[in-house]
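Let me begin by presenting the structure, written as structure tokens, before commenting on it.
FYI, it's all coordinate maths here, none of it is from the lab. All figures in this text were calculated on a predicted structure; none of them were measured in a lab. So basically every Cβ, Gly included, is an ideal-geometry build from the backbone, and we count neighbours across all protein chains shown.
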Amino acid sequence: MDAHDLDALRAARDSAALALEHVHRGGDAWLADRLYVDAVSKRIEEVCERLLDVSDEAQARLGDIDWVRVRGMRNRLVHACGVTDLDVLESVVTTTLPQLIRTIGAVTGDDAAT
């Protein structure tokens, strides 16, 4: 994998870790606080943007990542005009981001953000 793809993956991983940090700081009620929802949404948007910057060749090698869902999430966050499905956001935070961080760590050989 080339340096550009590795940089994009690491940036996606770092944004995912920041999203999880925001959730941790917000505590159990983070979904009820618009500030945390906005911060987490922005980080997830950045995760998607950086992942979509990975070359098609590298994407093909990363079968653990659902690229169609990445693009769909990015489009949902960018074009939803402030309307955020909190159930989807919570699912991404609890399931998708931790798995993504592990997957990227395995590919890049580092796990500094986890």
Rounded to the nearest 10 degrees, the helix 3-26 long axis (Cα) sits at an angle to the longest Cα principal axis of the chain of 20 degrees
Fewest-first sequence of Leu86, Leu31 by Cβ atoms within 10 Å of each Cβ: Leu86, Leu31
Any chance you could give the angle, 0 to 90 degrees and rounded to 10, that helix 34-51 forms with the longest Cα principal axis of the chain? 10 degrees
Please state the relative contact order of the range 3-108 as a whole percent: Cα pairs under 8 Å, 6+ residues apart? 39 percent
For a quick check, take a GNM of the chain with Cα springs below 10 Å and name the residue from Val54, Val93, Val83 with the largest mean-square fluctuation. Val83
Within the chain: Cβ-based charge dipole about Cα centre, in debye rounded to nearest 20 (Lys, Arg +1; Asp, Glu -1): 180 debye
Correct option for Cα Rg over 2.2 N^0.38 Å [calculated from the coordinates] among (1) 1.02; (2) 1.07; (3) 1.39: (1)
Tilt relative to the chain, helix 97-108 - C-alpha long axis, 0 to 90 degrees, to 10: 20 degrees
Comparing Val88, Val40, Val70, which has the greatest mean-square fluctuation in the GNM of the chain with Cα pairs linked when under 10 Å apart? Val88
When the Cα centres of the range 57-111 and the range 8-49 are compared, how far apart do they sit, in Å? 12 Å
Arranged by the count of other C-beta atoms within 10 angstrom, fewest first, what order do Arg69, Arg10 take? Arg69, Arg10
Full extension from His4 to Asp64: what is 0.36 nm times the residue separation minus their Cα-Cα distance, to one decimal in nm? 19.6 nm
